[in-house]
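The block underneath contains the structure these notes are about, expressed in structure tokens.
Values quoted throughout were computed directly from the atomic coordinates according to the rules given, and no laboratory measurement underlies them. What you see is a predicted model; the values in this text were computed from it and never measured. Note: ideal-geometry Cβ built from the backbone for every residue, glycine included; neighbour counts use all protein chains shown.
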Amino acid sequence: MAAFSGGVRVPGRAGWQDGGMPGRIERIKACLNGSRRRAEHPAVPIIPTELAREAAGAVAAGAEAVHLHPRSGSGAESLAGGAVAAAVAAVRQACPGTPVGVSTALWIAGGDAAARELDRSGVAAPRLLHGEQAACWPLVRHAGRLGLPTRIGLEDTTTGPEGQPVSGNAELTRLALAIWTAARR
């Protein structure tokens, strides 16, 4: 299944719409956790220190930006100020200068009312092609062929391109970057 996500800087738009930091994704954005639980993969980061560790690994593997879903103390996805601040601060400390985006998923923010508030506030996000589960890998290859940025991470899949288990976001980033780069040639 293909989907779209905010966070790509496009001509005519100033800065990031997904995290407030200037920057440009040329190839890969690491999406660290999404709504996944640790039961789905043992490396799914939940607390800020885990998000920071996974972000640092993904950036070291070649990710140009990271995207995350902050969690409350109970582990539920949260856009509460304290949860967002703690998660973003930890990741920014671990990955200085790397753009950090936070989910604005409607199921976290309260549905259509949240989308209407974003619209009223003038928040518009360009879109980034990506897939879920096995559909990730053909879309990473397709993005590489076209020279378009894409994303990968435990939010999107818990397995590699051949269905093999992966250790976490850094491995997914390395695999995606290799596929993207090979398709670009």
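Observations, loosely collected:
- Close amide-amide hydrogen proximity is noted between Ala76 and no other residue 5 or more places distant or on a separate chain, at a cut-off under 5 Å (H modeled in the peptide plane; Pro and chain starts excluded).
- Taking 0.36 nm per residue of sequence separation and removing the Cα-Cα distance, the Glu26/Ser167 pair yields an extension gain of 48.3 nm.
- Karplus-derived HN-Hα couplings along region 85-102 (A = 6.51, B = -1.76, C = 1.60, θ = phi - 60°), whole Hz, x at Gly and Pro: 4, 5, 5, 5, 4, 5, 5, 5, 5, 6, 9, x, x, 8, x, 10, x, 10
- Once backbone amide H atoms are built at 1.01 Å from N, Gly101 has Val66, His67, Leu68 as its partners under 5 Å, excluding neighbours fewer than 5 places away on the same chain.
- Within region 124-185, GluC sites (Glu not before Pro) in DSSP loop having at most 11 other beta-carbon neighbours inside 10 Å: Glu162
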